[in-house]
1. Checking the a/c ratio against 1.5 first, then a/b against b/c, what shape does the Cα gyration tensor give for segment 378-443?
2. Go ahead and collect, in residue order, the members of segment 504-520 whose backbone nitrogen is under 18 Å from a label point 7 Å along the Cα-Cβ direction of Lys167.
3. Ranked from highest to lowest mean number of other Cβ atoms within 10 Å per residue, what is the order of the peptides 391-403, 368-380?
4. Which whole-Hz couplings ³J(HN,Hα) result when phi for each residue of segment 397-402 is put into the Karplus expression 6.51 cos²θ - 1.76 cosθ + 1.60, θ = phi - 60°, listed in order with x for Gly and Pro?
5. Report, by chain and number, residues whose modeled amide H sits under 5 Å from the one on Lys303, excluding near sequence neighbours (fewer than 5 apart, same chain).
6. Two decimals, Cα atoms only, Kirkwood Rh: what is Rg/Rh over segment 1-80?
7. Over all directions, the average projected area of the alpha-carbon convex hull for segment 25-133 comes to how many nm²?
8. Counting only GluC sites (Glu not before Pro) that sit in a DSSP loop (anything but H, G, I, E, B) with at most 14 other Cβ atoms within 10 Å, what is the longest stretch of the chain containing none of them?
Amino acid sequence: MNHQKAGKYRWTICALLFFATTINYLDRQVLSLTWKDFIAPEFHWTNNDYGLITALFSIFYAVGMLFAGRFVDWLDTKKGFIWAIAIWSVGAILHAFCGIATSGIIAGEWFVGFEGAKEVIAGIHDFSRVVNVSVVLFIFVRFVLAIGEAGNFPAAIKTTAEYFPKKDRAFATSIFNAGSTIGALAAPLSIPVIAKWYGWEMSFIIIGALGFVWMGFWVFMYDKPEVHPKVNEAELAYIQQDDIPPAENEQTVPVTQGKVSILNCLKHRQTWAFAVGKFMTDGVWWFYLFWMPAYLSSVYGIKSSEWSGQLALFVLYSITMLSLIGGWLPSLFINRGMNAYEGRMRAMLIFAFFPLLVLLAQPYGHLSFWVPTILIGIGAAAHQSWSANIFSTVGDMFPKKAIATVTGIGGLAGGLGSFFINIYSGKLFDYAETHWSKVNGVNLLEKYPEIANVDSRKAFFEKFDVANIDEFLKYLTKQGETVTNGIDKGYMLVFSYCAVAYLIAWFIMKLLVPKMKQVKL
């Protein structure tokens, strides 16, 4: 009788997924940590400009997710992951050259270097053209980044389904998904420092190059578990323990066998439940990721280039490490007799209540910026716990050959949700700053109508040696004026949505799929 002990190589593969996700989130967060304090002053961006860039990134990412799932299913995991990380790493590095491209397009100065481009742009008097050209260029490179990054989660989820039985997938997913937290955690400690000392361009180049390093490890360390020399027979048996007919009391939905298509997947409530959950909640995490540095800068005057700002963001994302509980809690329920779906849904309901604390972030922010930092950190941790489980519901209900495709559909839905929250947040924050801000009790636009005109705004700000409305309001405060910045109300409105989104999503998901139903394709 063979008493061979099961190996642990599946956790090495999980570690590779973790590092890929870490790099993925580092690359996408470089812009959020540099735009407010480094890039916006150079290109004269507003919140709306940044909101448009991040919103379109969400759309590109969403559409990319839809096709990336199909691409990974078709090309298979190893090659699919290589293509994905290669494309997004190139896209990340291309951000660094947007300043030079802006200089070349507007002034015809192409071979000027990073510092030379800054000087050329500073001398361009057509304010609106600098904004428009630079925004279009950043949209293009975000498109390249998004198309590549879209492949990460479909490939990672597919790899998890290949290397882990159902009962371990939520925990494995929570581990590699924690890479997003570690990426967000490492970003404020590294990216602003690089940008401050070497220029914002080098932060994109250095972080972007990490993807090519990871590719080398993936090429030599990954293969299918059934053919991998480092996966012994006992470990392979453990991995494939679910490859048996369903139990007699387990409900199934028979489906005609054939090619797995997006349309075929959309015929099932399980797909729509996953998509709704992603649509309602993905944008919350992306809002935290893209806007928290700007929030601390706009509301509390704490810049990401300062130690206090880096520490605050580090603490915020450190709290999200609690999301490891997200993989442990449903396993506890499953081990006590629940099926995978019921255990995951119960855990997700518990996690859905924690974001309600975000409702207190802005009302109590006057006590200290640490209040919203900690409360938003708890909300972000709840999201990551929720995310690990909602991803795993796909593996619970769909066969392996459809996992990446269904994950891609959910990614599209999540990207659409992120598009709406980002584009309307940018518009809302600009509107709140101009229409809800007051100086000595008088509306800001009434007192300073020059701010309303995009062509006169630059010259107006130059008189006070400021770059934007945030800095102008802070200047007035230093001059002894009584200033109320309306952007606080804008953030309060968005935080309110972030707080309730998970409970709404959970009830809709439960309505669509009240009980465990496996789909056969």
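We did not get these values from a lab; they are worked out from the coordinates using the rules stated. In this text the structure is predicted, and so the values were computed from the model without any measurement. So basically every Cβ, Gly included, is an ideal-geometry build from the backbone, and we count neighbours across all protein chains shown.
1. Values: a/c = 8.53, a/b = 2.83, b/c = 3.02.
In terms of gyration-tensor shape, oblate.
2. none
3. Details: 391-403: 22.7, 368-380: 21.2.
Highest to lowest by the protection proxy: 391-403, 368-380.
4. Result, rounded to whole Hz: 10, 10, x, 4, 5, 10.
5. Distant-sequence amide H within range of Lys303: Gly309.
6. Ratio value, two decimals: 1.22.
7. Details: hull surface 31.2 nm².
If I average the Cα hull's projected area over directions, I get 7.8 nm².
8. Values: sites that count: Glu226, Glu248, Glu250, Glu481.
It works out to 251-480.
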